[in-house]
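Trainee: Structure in structure tokens, see below.
Each reported figure results from applying straightforward, stated rules to the coordinates on display, with no laboratory input. Source: prediction; values computed, not measured. FYI the Cβ positions are ideal-geometry reconstructions off the backbone, even for glycines, and counts take in every protein chain you see.
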Amino acid sequence: MLRALAKSWREILPSDVRFEIAQSSDYTSELSALEREAVKDARKKRLEEFSAGRHLLKKILSSMRVSYSDLTVNSNGSVKAPSGITCTISHSGGLVFAAAAQKSSFKSIGADMELLNDIDAEDLKNFLPHREYCQIVSDRSKQRAGISFSLRESVGKCFGNIEDRFMNFDEIILDYRNNGAVKILPNSNYMQKNFLRDSGVCFYYDYMVSNGFILTFFCINFH
């Protein structure tokens with residue numbers, strides 16, 4: 001399954017984004033004192049996910065010939081990446097996904113992986129704009145609910161890498177088109193100012209569903 005997921009997800013990720021995916025219980029690394037401090041009170045599952053995520057990210061950084069020390073966390077939960085690198089980690093359903101890229105190509109990247117069966121549209125009702133929620137429940141599959149949750153996670157991670165803030169779910173609206181496309185619309189002053197109206201940068205985002213999992217990706221770049 002991991003090979004099939006990696007093959008599918010490579011299709012939506014830009015070529016200069018490197019990524020790894022693994023079972024959270026299969027890849028663990030020796031954490032530094034500072035890394036251990038970030039998960040000192042975590043349960044076994046969370047510790048495995050954190051450790052595996054760091055292992056995969058360090059593997060990617062090594063393949064990029066990038067030096068690194070402690071991969072700790074910022075106050076909003078994002079990874080403290082090495083200088084000149086933007087990265088993202090996600091975990092769900094016993095799997096861990098990590099990706100990284102040079103900041104010379106991307107200002108920031110964000111990715112989120114979710115097990116579709118874990119996401120129920122009803123659980124999102126109080127967090128989404130009414131119009132979007134109606135579009136979700138009109139689709140009998142779980143795919144739209146997964147996209148609405150996961151893509152927000154990716155956008156939040158992407159902006160969280162460059163600004164120490166959390167993104168509220170209602171700061172964006174996802175508009176579902178009949179052809180399967182999804183358009184992100186700003187729904188807050190912050191997003192109006194920093195998201196779609198900045199003509200100096202461009203954005204890319206996409207999603208892929210494979211083997212019961214969804215991966216969403218969002219990036220800010222300068223090309």
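Trainee: I need the Debye-formula profile for the chain: one equal scatterer per C-alpha, no solvent, reported as log10 I(q)/I(0) at q = 0.10, 0.11 1/Å, two decimals.
Mentor: One equal scatterer on each Cα of the chain leads to -0.44, -0.53.
Trainee: Grab the beta carbon distance between residue 3 and residue 193, set R0 = 45 Å, and tell me the FRET efficiency rounded to 0.05.
Mentor: Computed FRET efficiency for residue 3 and residue 193: 0.60.
Trainee: Hey, what did segment 106-147 get for relative contact order, percent, Cα under 8 Å, at least 6 apart?
Mentor: 48 percent
Trainee: Next question, about the same structure. Please work out the ratio of the alpha-carbon Rg of segment 112-221 to 2.2 N^0.38 Å and round it to two decimals.
Mentor: The reported ratio for this selection is 1.03.
Trainee: Still on this model: Which parts of segment 1-26 would a label at residue 210 reach, counting a residue when its backbone N lies under 13 Å from a point 7 Å out along Cα-to-Cβ?
Mentor: What the label zone holds, given the 13 Å backbone N cut-off, is 1-14, 19-22.
Trainee: Collect residues whose amide H, placed 1.01 Å from N in the peptide plane, falls under 5 Å from the amide H of residue 32; neighbours closer than 5 in sequence don't count.
Mentor: none
Trainee: Given H placed on each backbone N at 1.01 Å, which residues far from residue 210 in sequence or on other chains put an amide H within less than 5 Å of it?
Mentor: Result for residue 210 returns 215.
Trainee: Quick one: which residues, 5 or more positions from residue 173 or on another chain, have an amide H under 5 Å from its amide H? H modelled 1.01 Å from N in the peptide plane, none for Pro or chain starts.
Mentor: Those qualifying (amide H under 5 Å, at least 5 residues apart or on another chain) are 185, 187.
Trainee: Residue by residue, what Karplus-based ³J(HN,Hα) values in Hz, rounded to whole numbers, does segment 145-159 have, using 6.51, -1.76 and 1.60 with θ = phi - 60° and x for Gly and Pro?
Mentor: For segment 145-159, the Karplus-derived couplings read 4, x, 5, 4, 6, 5, 5, 5, 4, 5, 4, x, 5, 4, 6 Hz, x marking Gly and Pro.
Trainee: Mind listing the phi-derived Karplus ³J(HN,Hα) values for segment 112-119, rounded to whole Hz, using 6.51, -1.76 and 1.60 with θ = phi - 60°, and x for any glycine or proline?
Mentor: With coefficients 6.51, -1.76 and 1.60, one gets 9, 10, 9, 7, 4, 5, 7, 10 Hz.
Trainee: What does the charge dipole of segment 2-106 about its Cα centre add up to, to the nearest 20 debye, if the Cβ of each Lys and Arg holds +1 and the Cβ of each Asp and Glu holds -1?
Mentor: On the way: 16 positive and 11 negative charges, 22 e Å.
Once rounded to the nearest 20, the dipole reads 100 debye.
Trainee: Next up: Using 7 Å Cα-to-Cβ label points, what is the residue 105/residue 170 separation (nm, one decimal)?
Mentor: Output for this residue pair reads 3.8 nm.
Trainee: Relative contact order for segment 2-106: what percent, with Cα pairs under 8 Å and sequence separation of 6 or more?
Mentor: Relative contact order for segment 2-106 comes out at 33 percent.
Trainee: Same structure, new question: About the Cα centre, and with charges only on the beta carbon of Lys, Arg (+1) and Asp, Glu (-1), how big is the dipole of the chain? Nearest 20 debye, please.
Mentor: That gives a dipole near 380 debye.
Trainee: Something else now. Give 107/142; 125/193; 59/107; 44/103; 44/142; 125/157 a once-over and call out the pairs whose C-alpha atoms are over 24 Å from each other.
Mentor: 107/142; 125/193; 44/103; 44/142
Trainee: Normalised by the number of residues in the chain, what is the relative contact order in percent for Cα pairs under 8 Å and 6+ residues apart?
Mentor: 21 percent
Trainee: Here's another thing I want to ask about it. Rounded to the nearest 0.05, what FRET efficiency do residue 63 and residue 26 have when you use their Cβ-Cβ distance and R0 = 25 Å?
Mentor: Working: r = 18 Å, r/R0 = 0.73.
The formula returns an efficiency of 0.85 here.
Trainee: Using the Karplus equation 6.51 cos²θ - 1.76 cosθ + 1.60 (θ = phi - 60°), what ³J(HN,Hα) coupling, rounded to whole Hz, does each residue of segment 34-41 give in order, writing x for Gly and Pro?
Mentor: So the J values, rounded to whole Hz, are 5, 5, 5, 4, 5, 10, 5, 9.
Trainee: If R₀ is 30 angstrom, what is the calculated FRET efficiency for the pair residue 73 and residue 181, using the beta carbon separation as r and rounding to 0.05?
Mentor: Result of the calculation: an efficiency of 0.35.
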